1. So what's the projected area for the stretch 21-118, the Cα convex hull averaged over all directions, in nm²?
2. Can you put His84, His24, His108, His54 in order of Cβ neighbours within 10 angstrom, beginning with the fewest?
3. Identify the residues of the stretch 20-35 with backbone N under 20 Å of a label point that sits 7 angstrom from the Cα of Lys104 along the Cα-to-Cβ direction, or state none.
4. With the crude spin-label approximation of a point 7 Å out along Cα→Cβ, what separation in nm comes out for Lys59 versus Leu75?
Amino acid sequence: MKHLILSLLLLLPSLMLAADPAKHVKADEAAKIIADGKVAVIDVRTPDEFKDGHIKGAKNIDIMSPDFEAQLGKLDKTQPTLVHCQAGGRSTRALPILEKLGFKNVIHLDEGFGGWQAAGKPVEK
């Protein structure tokens, strides 16, 4: 029984990763992906946060908006999509919604816009 529990505990992290189909990146890798120009950048922060600064070319779709899913549903689900918020919490909550809507290639900016800024990446206002 002890070995079974230990085996399950060792397996749990890989099961959790398997449940999350998104690719997770930090600011440096995200910047390279964005520079290729083939990714849609979705910023799920509030419009006020977005106005204070955002990644160039990002589309603001507030996760707190009542029509969040409907707005996402209008996007090209086959295009690689990088999603972020300020620190990673709200965008992590958006991941299962993107999956449910059929997005095929989702990339999560793990440390969010704060990590982007801390890494000295360009900000547009």
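1. Values: hull surface 21.8 nm².
In nm², the orientation-averaged hull projection of the stretch 21-118 is 5.4.
2. On the way: His84 31, His24 16, His108 23, His54 20.
Neighbour counts put them in this order, fewest first: His24, His54, His108, His84.
3. Only 20-24, 33-34 fall inside the zone, counting backbone N under 20 Å.
4. Each label point lies 7 Å from its Cα, and together they span 0.7 nm.
Where a number appears in this text, it was derived from the coordinates with a stated rule and is not lab data. Everything numeric here is computed off the predicted structure, so don't read it as measured data. Because the Cβ atoms are built from the backbone with ideal geometry, glycine has one as well, and the counts that use them run over all protein chains shown.
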